[in-house]
Amino acid sequence: MSILKIAWRSIQHRGLGSLLTVISMALGVMMVVSVLSINGLVSRSFRNNSSFGYDLIVGARGGGTQLTLSSVFFLGRAIETIPYEYYLAFCDKETRSKEFRNSIAYRGNEEQFRALEALNAVRMAPGSAGWGAIAEGLATDFLNRHQTAFMQIDERGLFSNYVNFAVPILLGDTYQIENSDAYFKVCATNRDYFDKLTLGEGKKFELASGRFFDNDDSEVGYFGCVMGALVAKTSGKKVGDQIKVTHGIPGESGAHIHDQLFTITGILAPTGTPNDRVVFANMEGFYLINDHVKPVVESTGINLRPDRDEAKSLADEGTKPGVELSDEELSTVRLPVEQRELTALLVSVFDEEGFGLAAQYLQQPIEQGNLASTLNWSKFRPLQAQTSAQCVNPVQEVMRLFVYFVEPAKWILLALTTLICVVSGLSILVGIYNSMSQRQHEIAVMRALGARRSHVMLIMLTEAIMLALAGGLIGWLGGRALNVALSPIVERQTGVPVRFWDFAPAEPVFAVLSPLLGNSDFASRLVKFQMSPELLLIPGLIILAVLVGVYPAISAYRTDVAKSLGK
Amino acid sequence: MLELKNVKKAFIQPDGSKTPILDLPEYNLKAGEQAALIGPSGCGKTTLLHIIAGIVRPTSGSVKIDGVEITKFSEATRDRLRANKVGYVFQTFNLLPAFSALENVMLGMAFSSGRASSTRARELLQRVGLGHRLSSRPKMMSVGEQQRVAVARALANRPKILLADEPTANVDPANQQQVIDLIRNNCRQEGVALLLVTHAMNVAEQFERVDRLDEINRVVAAARGVA
């Protein structure tokens with residue numbers, strides 16, 4: 001009969017006590033496994049998401065971390081907005097030209113151009129010499145004042161030479177699921193979001209069904225949207241369904257549901273990223289929602305479009321003033337530049353060397369603004385809006401977030417759960433110790449039958465290890481089950497689904513020992529060595545079991561056979 | 001087979017003084033010989049068995065089992081020797097409650113040098129009439145049955161000597177003779193020397209050799225004024 005069997009029989013004999021000890025250990029291990037794997041997966045997802053193929057986030061001045069969290073992870077609130085012209089500063093000539101020709105400024109000046117043409121006609125008319133001089137003077141003055149601005153309309157954006165792309169996003173609205181308190185963030189953007197951004201490691205967005213919306217979609221106009229996998233799963237919506245978005249956060253003051261309907265053109269395949277819990281709306285449609293029209297600074301002589309009705313009448317050349325536009329017609333109207341704002345721009349910097357230096361050099365000029373020259377700005381934007389942007393490196397922000405918040409929180413959680421494990425381990429000690437008086441007699445019998453002290457010590461240790469391993473195994477499986485149970489909550493909060501077999505990601509688990517290891521080659525290799533911390537659980541539990549089993553084992557070792565036989 | 005010479009044992013009291021328990025000038029047992037050891041309570045019977053089994057070391061003197069002087073050995077060596085050469089039947093049987101009858105017998109083999117053989121254990125249990133209760137736990141068995149398992153366990157390692165410490169003290173009178181017969185017959189069958197401690201004169205009288213420890217133990221004899 002082996003030591004293993006003797007220890008197992010002893011565990012069986014103390015059935016209830018052993019079971020409680022195992023459950024206690026299992027609960028501790030379950031917590032550790034769950035914390036390790038969820039924390040690890042969410043951390044990895046954070047790291048992956050911070051490298052979506054862009055290097056800079058341009059957003060309103062404020063906390064860089066807040067900008068990163070809201071723009072990359074769709075967490076928390078967006079800080080403020082920045083003028084749309086920031087986006088145009090990154091665009092090519094064609095896009096800028098198209099956008100600016102739809103601007104209030106251009107259209108205002110267009111009217112003056114038409115007036116100028118009329119004056120010119122007067123000047124050229126026979127017998128109107130005096131009027132002609134006045135008209136010529138007006139035309140010259142106008143051209144002097146506006147030539148630069150109009151010339152720049154047909155130029156590349158100030159930063160366009162330095163970037164691969166810039167994707168605009170607008171945040172702040174939500175999609176609340178019908179008859180439920182659950183809601184998801186809405187991110188208004190354009191087609192570039194899906195075409196140019198990646199899901200970490202170069203993976204492209206994929207659709208589970210439907211298609212991505214086009215910026216000017218032939219089927220749904222400007223009112224298309226794509227749903228993240230989790231949103232679609234939770235809401236039960238399908239391609240072709242229509243949804244309404246809520247202005248702000250449901251339940252908060254000022255929040256209300258917009259009348260505008262967005263048609264779902266596609267549903268994203270699960271990405272394991274925060275994109276799963278977001279509704280992506282076409283920003284052109286988003287801009288046309290009443291509350292999203294930015295009022296412009298008062299000016300003179302130019303026909304402003306402070307609201308939707310005026311915007312649509314000016315945009316639709318063929319529409320006579322005062323004629324009501326149908327919703328269908330309305331969906332073809334584009335909001336002028338001056339009334340557009342952005343939450344952030346996700347910018348991929350052209351960096352031939354690949355050292356990230358280009359992004360650094362670009363940061364300062366972007367923050368300095370200097371966008372006034374793009375158009376006669378001051379008439380439409382508050383002056384301070386020119387320098388309202390900050391430029392952050394998402395990777396740096398995420399790393400800072402890790403160093404200051406996520407890592408310490410992880411260690412605190414880990415310390416607490418490890419403490420639970422140690423307490424559970426102590427329960428093994430207590431369990432064995434409490435049965436020592438009965439065991440001493442059994443040990444004495446075994447000793448009388450020829451068992452050596454080392455045998456009984458080994459039996460005790462084996463029993464402790466078996467209890468710890470049983471608790472560990474059950475706890476490990478329990479932890480995995482807990483992960484699956486918690487997955488919907490974790491996924492909703494972070495966008496990361498946690499599956500049964502998702503191990504805690506590998507990390508340099510021995511790095512914490514570096515102060516003790518010295519500077520040898522082996523030490524440095526050990527410190528750099530990466531493995532899933534879950535794999536340390538089994539050896540950790542064995543060590544714990546040996547530690548807690550040592551006392552009863554020594555007690556068994558010291559058992560006085562002659563005395564104990566008489567008991 | 002068993003040779004004791006000038007074996008003395010004294011226990012140290014908490015105040016440091018020594019209390020002599022045993023002083024045995026000579027005590028021998030031949031191979032296969034059976035002897036009953038009698039004497040009043042406190043005359044050192046159990047202590048003598050513990051010394052022979054190597055559980056405690058005598059304060060002085062020589063103990064040889066099968067020609068091997070055991071007092072010079074380390075505790076671990078004495079344990080091994082006990083596992084291989086000595087069988088022990090306790091007054092309270094001392095079966096381990098977590099183990100079945102078969103496992104209790106095999107437990108006796110677990111610590112010896114040889115391999116634990118379930119065939120041998122089964123055979124022994126058959127011989128003591130418990131072939132049908134191999135998987136029964138001690139609490140499911142009668143007192144008599146438990147003692148029979150204890151006998152089988154003591155013989156499991158084919159010892160040279162079997163030490164029985166009042167094996168019938170806890171057995172009802174109806175079964176006492178059965179237990180004695182069982183022990184004696186099996187020892188005879190296996191060629192094992194038997195030293196059986198008992199209070200019961202009717203048990204002792206069945207043995208060809210009966211030793212009175214209160215007479216041969218000088219400590220007790222001196223106290224009684226016999227020596």
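The values are calculated or read from the model by the stated rules, or taken from the named source; none is laboratory data. Small disclaimer: the values here were computed from a predicted structure and weren't measured. Glycine also receives a Cβ, built like all others from the backbone with ideal geometry; neighbour counts cover every protein chain displayed. Surface areas here come from the heavy atoms of the whole protein model, side chains and all, with no ligands, DNA or RNA. Shrake-Rupley method; radii C 1.70, N 1.55, O 1.52, S 1.80 Å.
The magnitude of the dipole of segment A:164-203, with charges of +1 and -1 set on the Cβ of Lys/Arg and Asp/Glu and taken from the Cα centre, is near 180 debye.
Using the empirical formula 2.2 N^0.38 Å as the baseline, the Cα radius of gyration of chain B reaches a ratio of 1.01. The C-alpha atoms of chain B define a longest principal axis, and helix B:75-85 lies at about 50 degrees to it. Among residues other than residue B:141 with Cβ under 11 Å from its Cβ, the summed charge is +3 (Lys and Arg +1, Asp and Glu -1).
In Å², nearest 100, what accessible area do chains B and A bury in total when the solvent probe is 1.4 Å?
Numbers: alone 10520 and 27250 Å², together 35540 Å².
In total, chains B and A hide about 2200 Å² from solvent.
Give me the net charge of residue A:510's neighbourhood, meaning all other residues with Cβ under 12 Å from the Cβ of residue A:510; Lys, Arg count +1, Asp, Glu -1. Before the final figure, lay out each step's value.
Details: positive: A:525, A:528; negative: A:507.
So the surrounding residues net to +1.
In this structure chain B gives 41 Å² per residue of accessible area when probed at 1.4 Å with all protein chains present.
Of A:8, A:501, the order by accessible heavy-atom surface (1.4 Å probe, DNA, RNA and ligands excluded), from most exposed downward, is A:501, A:8. If R0 is 41 Å, the Cβ-Cβ spacing of residue A:102 and residue A:368 corresponds to a FRET efficiency of close to 0.95. Checking the Cα-Cα distances for A:203/A:238; B:30/B:64; B:64/B:160 against a 20 Å cut-off, the pairs over it are A:203/A:238.
For residue B:31 and residue B:199, what does the FRET efficiency come to when R0 = 45 Å and r is the distance between their Cβ atoms, rounded to the nearest 0.05? Plugging the Cβ-Cβ distance into 1/(1 + (r/R0)^6) gives 0.95. Sequence-distant contacts, meaning Cα pairs under 8 Å at least 6 residues apart, place the relative contact order of segment B:1-127 at 21 percent.
The listed residues A:449, A:416, once ranked by accessible area (1.4 Å probe) with the largest placed first, stand as A:416, A:449. Interface burial in segment A:438-452, defined as at least 10 Å² less accessible area with all protein chains than with the chain alone at a 1.4 Å probe, covers A:441, A:442, A:445, A:446, A:447, A:448, A:449, A:450, A:451, A:452. For segment B:12-116, trypsin sites (Lys or Arg not before Pro) meeting the loop criterion (DSSP other than H, G, I, E, B) and having at most 10 other Cβ atoms within 10 Å: B:115. With the cut-off at under 12 Å, measuring from each backbone N in segment B:174-200 to a point 7 Å along the Cα-to-Cβ line of residue B:115 picks out no residue.
Relative to the longest principal axis of the Cα atoms of chain B, helix B:143-155 runs at roughly 70 degrees.
Pick out, in residue order, every one of the GluC sites (Glu not before Pro) in segment A:1-98 that is DSSP loop and has at most 16 other C-beta atoms within 10 Å; say none if there are none. Don't skip to the answer; put the middle values down first.
Numbers: sites: A:80, A:85, A:94; in loops: A:80.
Passing sites in segment A:1-98 are A:80.
Couplings for segment A:550-565, taken from phi via the Karplus curve 6.51 cos²θ - 1.76 cosθ + 1.60 with θ = phi - 60°, read 5, 5, x, 5, 5, 4, 5, 4, 8, 3, 7, 4, 4, 5, 5, 5 Hz in order; Gly and Pro are left as x. Near the amide H of residue B:37, within less than 5 Å, lie the amide hydrogens of B:196, B:197, B:198, B:211, all on another chain or at least 5 residues away, with H placed in the peptide plane.
In this rough spin-label picture, where each label sits 7 Å from Cα along the Cβ direction, the residue A:361-residue A:526 distance is 4.6 nm. Based on Cα contacts under 8 Å between residues 6+ apart, chain B shows a relative contact order of 29 percent. For residue A:198 and residue A:75, what does the FRET efficiency come to when R0 = 22 Å and r is the distance between their Cβ atoms, rounded to the nearest 0.05? Calculated transfer efficiency: 0.65.
Between 0 and 90 degrees, the angle of helix B:173-190 with respect to the longest Cα principal axis of chain B falls at about 90 degrees.
Please name which of A:67, A:30, A:2 has its Cα lying farthest along the dipole of segment A:1-93 towards the positive end, using unit charges on Cβ (Lys, Arg +1; Asp, Glu -1) and the Cα centre as origin. Positive-end residue among those listed: A:2.
Of the DSSP beta bridges with both residues in chain B, give the percent that are antiparallel, rounding to the nearest 5. That works out to approximately 50 percent antiparallel. With a simple spin-label model that places each label point 7 Å from the Cα along the Cα-to-Cβ direction, the separation between residue A:261 and residue A:244 comes to 1.1 nm.
From largest accessible area down, sort A:544, B:29; use a 1.4 Å probe on the protein chains.
Values: A:544 30, B:29 5 Å².
Result, largest first: A:544, B:29.
Modelled label positions at residue A:517 and residue B:140, each set 7 Å beyond Cα in the direction of Cβ, lie 5.5 nm from each other.
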